[in-house]
Structures are given as structure tokens and as C-alpha cells.
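Chemist: Encoded as C-alpha cells, here's the structure I'll be asking about.
The values are calculated or read from the model by the stated rules, or taken from the named source; none is laboratory data. Given the structure is predicted, the values throughout are model-derived calculations rather than measurements. So basically every Cβ, Gly included, is an ideal-geometry build from the backbone, and we count neighbours across all protein chains shown. Please note that ligands, DNA and RNA were not included when accessible areas were found on the heavy atoms of the full protein model with its side chains. Shrake-Rupley method; radii C 1.70, N 1.55, O 1.52, S 1.80 Å.
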Amino acid sequence: MGENAESNDARRRIYGLISRNPGWTLEEMAAEVGCSRAEAEEMCDELGLLGLLTPASASPSGYVTVTPEVALTRLFSAEERQTTAHLQLVSRIRTAISTLVCDLPLLSEERREVVDVQTLPTPAVVNAFLEQAGSAARVRMRSMHPGGPPPEELIDEMLLRDKEMEGRGIRVDALYPRRTAEVPYMAAYLADAVRPGREARIAEYLPLRMILFDDDRAVLPVNPADSSEGAYAIHGRSLVASLHALYDYCWRNAAPSPSVLARAGEHVTLDGQDLVVVRMLADGVKDEAIARHLGISSRTLSRTISALMERLGVQTRFQAALRIAELGLMD
């Protein structure tokens, strides 16, 4: 404390000497204060930083004094200028950050693909959506069917849908559990699925029901254990790509449907009566009318149709008509 008081007193004395004796040199003032010239110069520098001295080459000491009031006013003015400049800088930074924050959502949207999830609350709505999605498919449809087989009355509808997609050049793949393939009408359906552009495979286990259309649409169950609770329709390439990866894994670990069934009916030949029966069935003629036309009983016709379906390796009359057409037996 004593040393600081002495330093402050020496600075006050130097300031007073310069103010009262403008003709003195700095050496004379140092001698009057009792310090060296170097110490006097250091004190003058400190007073200059406070704004109380201003360098003046015409003055013998090299300085002239500034009144404390003026020095204080100048100090406040300098601080105000610095504060103003700082506030302007802060304002520019705030504006730049605000602009960046406003632009960030747009930049994020450019990098993020929107995935839309649509709820299909009932089986009827699900079926309507599947019908529309199948009609809009451009390249492929892939389905995975865990659980039991579909009702037998749906097989003809499934075949018709597959044929329609095949006619448009849509690749159709399907996965079924092994126990489903052991059901006779499903075995026949799976055998029919083996052809260019269509393939069905058999797996020991499938994780969940799913249907994938092209690379941007998928249908998943709301509750995998209960299909009556509806499904989710997913629109978006990024998420559907992940579902395709899961499907690929299951597909690689599945086996083709049995080749013997796939070849059923490959070398079938029809006699004249078989051809008449097939043509009339294809035209929608009733069994009674066919029997009358052939002059046979309805029971005999029924045995004839059953034997024909067995030779073709099919379970329904619709399947029989498709198989005969494919084999070119009606030409």
C-alpha cells in the first residue's frame, strides 16, 4: 500500500510540474521529484494512458497536460465508441445466427427423406390398398406370409392377381412357411408360381407378414399376431430399403418350392373329350350342360374333371384352365 501511495504521489507531482512549468525539461522534473529520467518517462506514459498527458514535441518535457475533466470526458467517449462498435458486432452476429437457424430446417429437409405412415384400420381397407398398390406397381412385388395358409377360396383370386402382374412384367416373389407348402391346394399354387418373373420359396420361420411394392411402398401389420387389427402403409424409399434388406435375408435362407410339384402337368396330353370339357369349362358352361352335350352322366363328368385336375397337378378348375392354357393344350 505504501509503495502504491508513493507511486501515485510521484505521478501527481510530475503532472503538476508539467502543468505549472511548461518550460522545464524531463530531467529537471525528475530531479525535483527525486527519481531517474527513466522512472519519470514511465510515469508520463502511465499518465498518457489515463488521458492526462498528451505528447507535444514543442514542449521541453515532451508533454502537455490535459485537465482531468477533459480526460474523463474523452475516456467516456472512447468507451462509448467501443461499446457501440461491440453492440453493432453483436447485432450482426445475431442476425447471421438467426438467418442460419431459419435456414437449418430447409437444409435438413434437403437431406432427410419424408417417410409417410398411413393407417389402414380394417381388413377391407387393407385389401383395397393392396389392390391399388398392386395396380400401381412398376417393377416388383414381394410378399412374406407367416402363419397358416390363406383360405382355399382365395387361391383363384391370388392366381388371377399374379397373372395380371406377370402380364405387366412385374416381378413377383413370395415367401411361405414350410407347413403351408404341405397343404395340397397351397402346394399346387406354389408349383404354379415357378415361372419366369415369379418365384415362391419355403422357409422354416418367417418373422412377420409384409408386402413390398417396388422400392418405396410397404404394408406391415399393426399387430403381427392379429391381422384383423389392420395394417400400416409405409411410403418412403429409405425405410422400405431396410425392409427389403430383411426380406433379402429371409429369401436367401429359404428353399425353392418342390420341383416335382413345379413340373406337374408338364407332359400332359388331352383326348378329344378332355378338350371339349376344358373348352366348355373355360367358357363358363355349367356341369349339367356339359354332361348333356357329351351324353354322359353328371357323376361321370365329375370323375372326368377330377381325373383331369389330378393329371394337371392342380386343385381348382380355374387353376386347371390356366395350366392348360400355359401348356398350349387348347391350340
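Chemist: Hey, rough spin-label estimate for ALA38 and ALA58, points 7 angstrom out along Cα→Cβ, what's it come to in nanometres?
Modeler: Those two pseudo-labels are separated by 3.3 nm.
Chemist: So with the 1.4 Å probe, I'd like the accessible area per residue for the chain, rounded to whole Å².
Modeler: Solvent-accessible surface per residue comes out at 59 Å².
Chemist: Out of SER302, LEU130, VAL114, whose Cα points farthest toward the positive end of the dipole of the chain (charges: +1 Lys, Arg; -1 Asp, Glu; placed on Cβ)?
Modeler: Towards the positive end, the residue furthest out is SER302.
Chemist: Here's something else I'd like to know. Compute the distance in nm between two label points, each set 7 Å from the Cα along the Cα-to-Cβ direction, one at ALA225 and one at ARG292.
Modeler: According to this spin-label approximation, the distance is 5.7 nm.
Chemist: Magnitude of the Cβ-charge dipole of the chain, K/R +1 and D/E -1, about the Cα centre, nearest 20 debye?
Modeler: Using Cβ point charges on Lys, Arg, Asp and Glu, the chain gives about 1640 debye.
Chemist: Next question. Let me check I have the definition right: for the chain, take the eigenvalues of the Cα gyration tensor, multiply each by 5, take square roots. What are those semi-axes in whole Å, largest first?
Modeler: 105, 18, 16
Chemist: What number does segment 128-244 give for Rg over Rh if you use C-alpha atoms and the Kirkwood radius?
Modeler: 0.94
Chemist: Taking all protein chains as present, what is the carbon and sulfur share of the accessible area of the chain, in % to the nearest whole number, probe 1.4 Å?
Modeler: That fraction is 56 percent.
Chemist: If each residue of separation counts as 0.36 nm, what is the full-extension length gain between ALA78 and GLN118 once their alpha-carbon separation is subtracted? Could you put the intermediate results ahead of the total?
Modeler: Working: separation 40, 0.36 × 40 = 14.40 nm, distance 6.50 nm.
My answer for the length gained is 7.9 nm.
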